[in-house]
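Nothing in this text is a laboratory measurement; each read-out follows from the coordinates by a stated rule. Remember, predicted model here, so these are calculated numbers, not experimental data. Glycine gets a Cβ as well: all are built from the backbone with ideal geometry, and neighbour counts include every protein chain shown.
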Amino acid sequence: MSRTQKTVFILVALVALVLGLTVNKVLNSKGDGTDKVALLDAGIVLLPQSRNLPGLSLTNQNGEAVAVDQLKGQWSLLFFGYTFCPDICPATLAQLRQLKGMLSAEDQAKLRMVLVTVDPKRDTPQQLKQYLTYFDPAFQGLTGEAADIQKLANGVSIPFIPADTSKENYTVDHSGNLVIIGPDGTQRGFIRAPLNVDKLAAQLPSLLKTDG
């Protein structure tokens, strides 16, 4: 098994373990199981308890500082990826654009899509802005110090394997799962990859209608 295969295996195993434990807690917690099952069927896994984000600052696609624990006022879907990604990232962002278009204008106003780069060496604010414009100019991007991005990823249980940036045309092993952030700025759960846009479009509105 090559190094890349090993790192991908470790990454997938870590993410699967976290999501498996979370799903088990959700299904065994008190409350109406019907809604839980419908959400889980759409790939939406809500945490039994909300989780605070690490207190650190990143930089958005406009060069402005953003405190990640201050992503408030809207629901947010965080995707950890990078602009030089050959497959998962463009496919996921295209699906998020499609998903947004299937929501009402009211629901769209309640939701922000955020790409957090796992490749800060190449993903400058300018690069993020140009790339995201291809999908939706309203999509937001975040970059910053590699250590801060790693801390955020670990804090929301979406680990990735830092790349060997000394190699030409390097790739980064990362998850396709999304992080759900509530209007109060806390992590509420995950959306599991691969995304099912139709089911998400049917289930997300009920979540967006809650006050967070």
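A few remarks follow.
- Over segment 106-212, Cα pairs under 8 Å with separation of 6+ residues give a relative contact order of 21 percent.
- Separation of alpha-carbon centers, segment 42-60 and segment 78-130, rounded to whole Å: 16 Å
- For segment 54-128, the equivalent ellipsoid built from the Cα gyration tensor has semi-axes of 21, 18, 10 Å, listed from largest to smallest.
- Taking N as its residue count, the alpha carbon Rg of segment 49-206 over 2.2 N^0.38 Å: 0.97
- When the pairs Lys72/Lys129; Lys110/Lys151; Lys36/Lys151; Lys100/Lys167; Lys36/Lys129; Lys151/Lys209 are compared against a 32 Å limit on Cα-Cα distance, Lys100/Lys167; Lys36/Lys129 fall above it.
- Straight-line cross-link reach from Lys199 at under 17 Å between alpha-carbon atoms covers these aspartates and glutamates, not counting any fewer than eight positions away in the same chain: Asp35, Asp41, Asp107.
- Charge tally around Gln150: other residues with Cβ under 14 Å, Lys/Arg +1 each, Asp/Glu -1 each, net -2.
- Electrostatic tally near Asn60: other residues with Cβ closer than 14 Å to its Cβ, Lys and Arg +1, Asp and Glu -1, net -1.
- Estimated vicinal HN-Hα couplings, Hz - segment 73-89 in sequence order (Karplus 6.51, -1.76, 1.60; Gly, Pro = x): x, 9, 6, 10, 10, 9, 10, 8, x, 7, 6, 8, 5, x, 9, 4, 5
- Debye, to nearest 20: dipole size of segment 118-164, +1 on Lys, Arg Cβ, -1 on Asp, Glu Cβ: 40 debye
- Annotation: amide H-H contacts under 5 Å for Asp123 (H modelled 1.01 Å from N, sequence separation of 5 or more, or interchain): none.
- Cα Rg, Dmax (largest Cα-Cα span) when computed across segment 96-178, Å: 14.3, 46
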